[in-house]
Each structure stands twice: as structure tokens, then as C-alpha cells.
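The values are calculated or read from the model by the stated rules, or taken from the named source; none is laboratory data. Small disclaimer: the values here were computed from a predicted structure and weren't measured. We place every Cβ from the backbone using ideal geometry, glycine too, and count neighbours over all the protein chains shown.
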Amino acid sequence: MNLQRKVTLDFRNRRKVVLALFSIMSAVLIWGAIDLQINEPVDLKKRADSRSLRIKVVPTDRGIIFDKNKDPLAVSVPHYALEVDPRKLINNEEHQNRIATIIDWDPEKLHKIISTKKNRKGIPLTRKLTKEQKKTLSDIGIDGVYFSEYSKRHYPTSNVTAHLIGFTDRDDRGQEGIEKLYNATLQGVAGERRVLQDASRQVVKSLQIIKPVEPGKDLYLTIHAGVQYAAYRALEKAVIKNQASSGSVVVMNPNNGNILALTNYPSFNPNISSEKQAHLYRNRAVTDKFEPGSTLKPFTIAMALEGGRYAPESTVDTSPGAIKIGKNKVQDFRDYGVLDLAGILRYSSNVGSTKLAFDHSPKAMWNIFWAIGLGEKTGLKLNGEARGDLTSHVKWDPFEHATHSFGYGMTVTTVQLARAYSVIANGGWLVSLDVVRGGPSFPRVRAIKESTARSVLDMLVVAVNEGTGKNARVQGFNVAGKTGTARKLLDGEYTSKAHMALFAGIMPADAPQLVSVVVIDEPRGEHYTGGQVAAPVFSEIMNEATRLLNIEPGTSVGQPVIENFATIRPPLGSAF
């Protein structure tokens with residue numbers, strides 16, 4: 001009996017133990033299930049959140065700017081930026097030191113950045129990471145180091161074309177010059193792509209394209225890089241030598257209006273951010289207005305020939321070297337006596353020009369100036385281009401009538417003066433200027449008779465060979481041109497202390513292919529006249545340009561072409 005009871009008690013105790021163990025196991029399983037239902041989805045959600053779909057902008061490639069010979073003037077070069085996650089580097093000084101060494105930083109500088117911004121997700125360190133540095137960091141594989149690629153504009157011709165080409169900002173958008181004017185063409189349209197990113201914003205997988213990229217279009221200019229270099233070098237040397245404030249040069253093809261060189265000094269290097277100073281951005285060749293002085297006298301001669309009252313051999317008595325007009329007086333350097341029309345240009349006679357003007361109405365003079373493009377833009381469409389000032393002739397008094405004949409009382413730009421001289425060079429046609437190949441073409445307009453243009457061209461050869469333009473001569477070539485030395489206004493009065501030194505030239509004179517205008521503002525050195533300061537710059541540029549463009553010397557200046565009439569550019573009705 002006792003034995004049976006003992007066995008029964010043992011069985012009951014064992015059953016209790018088994019039930020207890022079973023209960024414990026059940027509780028564990030139930031708790032695991034609860035934990036799976038409650039906590040696991042949170043972890044899965046975190047993982048899902050760490051990888052997310054995003055729309056990523058795909059940048060477009062900005063177009064290249066080329067010169068006429070397909071030499072690059074502006075290109076986009078790939079650059080790399082480096083970013084780090086301080087949270088993944090804060091406790092690893094070795095990794096920090098390796099990063100600093102690779103990017104040529106002082107390790108202490110990086111330590112300080114990471115320690116002071118340890119809770120930030122991403123900190124940009126540099127946008128100047130080289131390709132080699134990027135590869136080294138990538139090969140090491142440090143966690144918390146991220147890269148991005150972007151394009152940065154590079155200008156191979158730097159200072160030489162800075163005012164014309166301009167530059168872009170850090171986002172590759174045009175800010176000045178051609179870069180700004182043709183930004184929409186060059187920039188293209190960015191695309192979009194759906195991507196999968198991780199928590200560090202790194203692309204894990206690239207998915208479908210939503211919007212395709214439209215690459216920027218390349219741009220081809222009429223500029224000849226070699227001629228541009230020659231113009232810049234000669235101008236820079238002249239401005240420095242003559243202690244001038246600034247200078248501009250334009251070289252163009254008079255037959256089609258294409259600009260071959262357009263440069264200014266001082267300039268800046270668009271590749272160096274510190275040199276991008278606003279006061280240096282001005283493209284003086286198109287923005288700065290000045291009184292052209294004696295460089296306008298050839299068009300007073302053209303007016304006289306067009307009117308039919310004068311022939312090339314006609315003479316004008318300039319004695320006694322001065323002429324009184326009311327309370328004012330126009331005078332020459334000395335008494336030149338009786339001069340033919342070529343002599344007026346050879347000696348740059350203000351009195352001779354004035355007498356020609358007084359033999360014609362102010363309206364006739366205004367018409368010739370408007371016919372050669374003064375008082376309007378040239379067609380270049382460059383930012384900031386000035387129209388110049390050409391007031392209505394009805395407002396001129398007799399003295400203003402006189403001063404207009406030798407280049408005072410109106411203003412022009414360097415490109416306007418080059419366009420005007422193209423009329424003489426190409427047989428009397430006014431052309432629109434262009435700096436971009438393939439742009440809209442504008443019909444040329446007859447400005448003066450071909451016979452007038454040829455006669456004036458012959459006279460300008462005399463002005464170079466025998467007159468004030470001797471320093472513009474180019475060995476082996478006939479050069480036509482005119483110097484100018486214009487006094488500047490200071491406090492409302494013309495001063496003898498500040499001048500514009502000018503030269504406008506055409507070559508070869510027997511078959512013109514080039515027109516160039518040189519402007520030197522306020523030379524303060526030993527010399528200040530156009531013949532001494534600007535003419536030598538023309539000669540230096542043309543020596544190089546003829547070689548680069550394979551222009552051969554001609555033989556002699558041809559005879560004037562006789563015509564019965566020409567259709568003259570119609571005057572603006574509002575001016576009368």
C-alpha cells in the first residue's frame with residue numbers, strides 16, 4: 001500500500017515538472033511570436049527605409065565652343081567632389097588620417113571638422129578632388145566616404161578670349177560673354193532617372209530613364225585663335241609700354257562681317273576664381289564709346305565725292321591753318337596751304353575737313369554717317385553693346401557741323417569703327433557683324449558708290465605711306481589706314497592731358513581681306529598719338545595675321561571703278 005502510494009506521488013510530481021517545462025516552453029514560443037509581430041516589422045521597415053526610390057537628375061554635357069578652325073575655346077572637364085559621414089569616422093582616427101593624407105590636408109583640420117560635426121550625416125570636404133585621389137580612396141574602401149562627379153568649364157585661351165567667351169558659374173550656367181548669350185544652346189536639357197539609393201544617398205541600382213538627356217550643342221565661332229593671340233599680345237605690350245588705362249582691338253573680314261579677333265586689355269583669367277573681378281568683365285570693344293577723331297575724316301571725303309561737287313584731284317585751300325567759327329576756332333598743326341583730298345588725309349587737316357563740310361549740308365554729312373552704320377548696333381548681339389551717339393543734324397550749330405567732319409561731337413565703339421572701315425574696304429557695302437558661324441545672315445546694304453570707296457581707299461594708302469600712319473606699314477603689303485588722336489572730355493572740357501590713340505586700317509589695299517581697329521585709352525608714356533601708339537600695334541598684328549591666314553602680298557593699288565550711280569542706304573526719316 002505504501003509502495004503504491006509512493007509510486008503514485010512520484011508520477012504526480014513528474015507530471016507537474018513536465019507541465020511546468022511545457023508551460024515555460026510555450027511562454028517562450030508565444031513571446032517569440034509576439035516579438036516577431038511587434039519588433040521584426042520595425043526592423044524590416046528600417047531596412048526598407050534605408051533603401052528608397054528616388055528621382056535623380058542626370059546632368060547634360062555642355063557644348064564645346066570652338067574657333068573657326070575647330071580649336072577649343074571652352075570645354076567642360078570632369079571634376080570630383082568628396083563628402084564624408086562623420087558618424088562613421090568619429091571613432092576611427094586611422095581612417096581620418098588616411099583621408100587627410102590622400103587629399104593633402106592637415107590631419108588636425110579633418111579631425112576638428114569631424115569632431116565638431118559628428119552628428120551630421122554628410123559633410124562636403126572638397127570639390128577639387130583629382131581623378132587619382134578619387135581612385136586611391138575608392139580602392140581603400142573606407143566606410144563613410146562618398147564621391148560625386150560634376151563638370152567644370154576650362155578655357156584653354158584664358159585671358160586672351162576672356163571678354164568674348166565669358167565664363168560659367170559652379171553649376172555650369174553662363175554668366176558672361178558667349179557663355180551667357182548662348183547659354184540655352186550650350187547647356188542642353190538635363191534628364192531624369194529613377195534610382196534606388198541607400199541610407200547614405202549612394203545609388204545602389206539605376207532603374208529606368210524617365211526623361212532622356214538632351215546634350216548641349218557645340219558652338220563654332222568666326223574667331224581665329226591664332227589671330228586672337230596675336231592681337232592680344234600686341235595690345236598687352238602696347239598698353240603696358242605706353243602706360244595706358246586700357247585698350248581694344250578688333251580684326252574682321254570686311255567682305256562678310258566675320259570677326260576674326262576681338263580682345264581687350266586689361267583682361268582676366270576665367271579659370272581662376274580670384275581673378276573674376278566685376279570691373280574687369282567689361283568687353284570694351286563693344287561697350288565703350290569714344291569720339292573717333294581723325295579716323296572719321298575719310299568719310300567726310302566720301303561725303304564730298306558722293307555729292308558730286310568734288311573729285312579725287314579736287315583741292316581745298318587750308319590757309320592760314322585755322323578757321324574761325326563764331327567764338328570758336330578750328331586749326332591745324334600748321335598751315336598746309338592748298339591740299340587735294342588725299343592731302344587732307346595725309347596731313348590730317350581739320351581745316352580741310354571743315355571746309356568740305358561747309359560745302360555740304362549737315363543733312364548730307366549725317367546721311368553719310370548713318371549710311372556707314374554709326375548710331376546703331378553692329379549685329380553682333382554681344383551683351384552690353386553700345387549704339388554710339390549720333391544726334392540729329394537739325395540740332396547741330398555751325399561749330400558742331402564743323403567738328404563732326406573731324407570726328408568730334410559723336411561717339412562710336414571699336415566694332416562700329418571697324419564696320420565703317422569695311423564699307424571702304426569692300427567696295428561700299430555695309431555688312432552686319434557676326435562672331436558665331438551659322439548664325440542668321442543679313443543682306444548687305446549699299447552705303448556708298450564703289451568708285452567712292454575705291455578712291456578713298458587709294459587716299460588712305462597715301463595717308464599710311466606718306467602721312468601719319470607710317471608706323472602701320474607691313475613689309476610687302478599695301479596698307480590703307482588713318483590715325484586718330486582724340487582729346488578726351490574732362491569736367492565738360494577737352495583736355496590736352498588725356499587722349500585716345502587710334503588707328504583704323506585695311507589690308508591688303510589692292511584686294512582687302514582684313515580690317516582692324518586699334519584703340520589705346522589714355523597713354524601716359526613718352527608718346528600719345530595714334531601714329532606713335534596705335535599704328536605700331538596694327539602693324540604687329542597684321543604681320544602675324546597675314547602669315548596665319550596665308551594672305552599673299554599684292555602688287556599695286558587698282559584704279560577707281562567708274563559707275564553711273566549707286567543705291568544709297570535710305571536715311572532715317574525721324575532724323576529730319
Requested in this report: Please go through the stretch 54-85 and pick out each residue that is part of a strand (DSSP E or B) and farther than 20 Å from LYS180 by Cα.
Outcome: ARG54, ILE55, LYS56, VAL57, VAL58, PRO78, HIS79, TYR80, ALA81, LEU82, GLU83, VAL84
Query raised in the report: Exactly one of (1) within 30 Å of ARG173 (Cβ to Cβ); (2) surrounded by 15 or more Cβ atoms within 10 Å (Cβ to Cβ); (3) modelled with pLDDT of 90 or more is unmet by ASN69. Its number?
Result: (2)
Requested in this report: Could you tell me which of the residues GLU275, GLU306 is modelled with pLDDT under 95, surrounded by 14 or more Cβ atoms within 10 Å (Cβ to Cβ) and within 42 Å of the chain's Cα centre (by Cα)?
Outcome: GLU275
Report task. Would you please name the residue that is farthest from THR185 (Cα to Cα), looking only at residues in the stretch 209-257 that are assigned to a helix (DSSP H, G or I) and small (Gly, Ala, Ser)? Result -> ALA238
Query raised in the report: Any residue at all in the stretch 249-263 that is out of contact with any Cys (no Cβ under 6 Å at 6 or more places or on another chain) and surrounded by fewer than 19 Cβ atoms within 10 Å (Cβ to Cβ)?
Result: yes
Requested in this report: Evaluate the stretch 89-112: report whether one residue or more is crowded, with 20+ Cβ neighbours inside 10 Å and touching a Gly at 6+ places or on another chain (Cβ under 6 Å).
Outcome: yes
Query - Subset of the stretch 508-525 [over 21 Å from LEU341 (Cα atoms) and of a type in the set (A, V, I, L, M)] - result: ALA511, LEU514, VAL515, VAL517, VAL518, VAL519, ILE520
Requested in this report: For residues that are under 24 Å from PRO215 (Cα atoms) and in a strand (DSSP E or B), scanning just the stretch 186-204, find the one that is modelled with the highest pLDDT.
Outcome: VAL189
Query - Residue among GLU385, GLU376 that alone is at pLDDT 95 or above, under 30 Å from LEU164 (Cβ atoms) and exposed (fewer than 15 other Cβ atoms within 10 Å of the Cβ) - result: GLU376
Query raised in the report: Which condition breaks for SER451 when tested against (1) surrounded by 22 or more Cβ atoms within 10 Å (Cβ to Cβ); (2) modelled with pLDDT of 95 or more; (3) out of contact with any Gly (no Cβ under 7 Å at 6 or more places or on another chain)?
Result: (1)
Query raised in the report: Residue check: is VAL537 in contact with a Leu (Cβ under 7 Å, 6 or more places away or on another chain), assigned by TED's automatic domain parsing to the domain that holds LEU433 and of a type outside the set (Ser, Thr, Tyr)?
Result: yes
Query raised in the report: Do we find that ALA498 is buried (at least 23 other Cβ atoms within 10 Å of the Cβ) and touching a strand residue (DSSP E or B) at 6+ places or on another chain (Cβ under 7 Å) in this structure?
Result: no
Query raised in the report: Any chance the stretch 279-301 includes a residue that's among the hydroxyl-bearing types (Ser, Thr, Tyr), more than 13 Å from the chain's Cα centre (by Cα), in a loop (DSSP other than H, G, I, E, B) and buried (at least 20 other Cβ atoms within 10 Å of the Cβ)?
Result: no
Requested in this report: Answer yes or no as to whether LEU260 is touching a Ser or Thr at 6+ places or on another chain (Cβ under 9 Å) and farther than 29 Å from ARG437 by Cβ.
Outcome: no
Requested in this report: With respect to VAL515, determine if the residue is closer than 21 Å to ASN253 by Cα, in the same structural domain as ALA371 (by TED's automatic domain parsing) and either more than 27 Å from the chain's Cα centre (by Cα) or modelled with pLDDT of 95 or more (or both).
Outcome: yes
Query raised in the report: For the stretch 344-355, does any single residue satisfy the condition of being surrounded by fewer than 24 Cβ atoms within 10 Å (Cβ to Cβ), in contact with a helix residue (DSSP H, G or I) (Cβ under 7 Å, 6 or more places away or on another chain) and of a type in the set (A, V, I, L, M)?
Result: no
Requested in this report: Sort out which residues of the stretch 115-135 are out of contact with any strand residue (DSSP E or B) (no Cβ under 7 Å at 6 or more places or on another chain) and farther than 16 Å from HIS79 by Cβ, and write them in order of number.
Outcome: SER115, THR116, LYS118, ASN119, ARG120, LYS121
**Report entry** Cβ-Cβ under 9 Å pairs, at least 6 apart or on other chains, the stretch 445-457 side assigned by TED's automatic domain parsing to the domain that holds ILE372 and over 12 Å from ILE301 (Cα atoms), far side buried (at least 23 other Cβ atoms within 10 Å of the Cβ) and among the acidic types (Asp, Glu)
**Finding:** LYS449/GLU306
Query raised in the report: Which residues, counting only those in the stretch 302-320, are in a loop (DSSP other than H, G, I, E, B), of a type outside the set (Ser, Thr, Tyr) and closer than 17 Å to GLY352 by Cβ?
Result: ARG309, ALA311, PRO312, GLU313, PRO320
**Report entry** Within the stretch 74-98, considering residues that are among the β-branched types (Val, Ile, Thr) and modelled with pLDDT under 90, the one nearest to THR185 (Cα to Cα)
**Finding:** VAL77
Report task. Determine whether VAL464 is buried (at least 24 other Cβ atoms within 10 Å of the Cβ) and touching a residue at least 40 places away in the same chain (Cβ under 8 Å). Result -> yes
Requested in this report: Kindly provide the set of residues from the stretch 450-482 that are in contact with a Ser or Thr (Cβ under 9 Å, 6 or more places away or on another chain) and closer than 18 Å to ARG419 by Cα, ordered by number.
Outcome: VAL479, GLY481, LYS482
Requested in this report: Collect the residues in the stretch 501-524 that are more than 24 Å from THR403 (Cα to Cα) and crowded, with 22+ Cβ neighbours inside 10 Å, keeping them in residue-number order.
Outcome: ILE506, MET507, PRO508, ALA509, PRO512, LEU514, VAL515, SER516
Report task. Would you check which residues across the stretch 136-176 are farther than 30 Å from GLN96 by Cα and of a type in the set (Asp, Glu) and list them? Result -> ASP169, ASP172, GLU176
Query raised in the report: Is it the case that the stretch 46-63 has a residue that's surrounded by 10 or more Cβ atoms within 10 Å (Cβ to Cβ), more than 30 Å from LYS135 (Cα to Cα) and at pLDDT below 75?
Result: yes
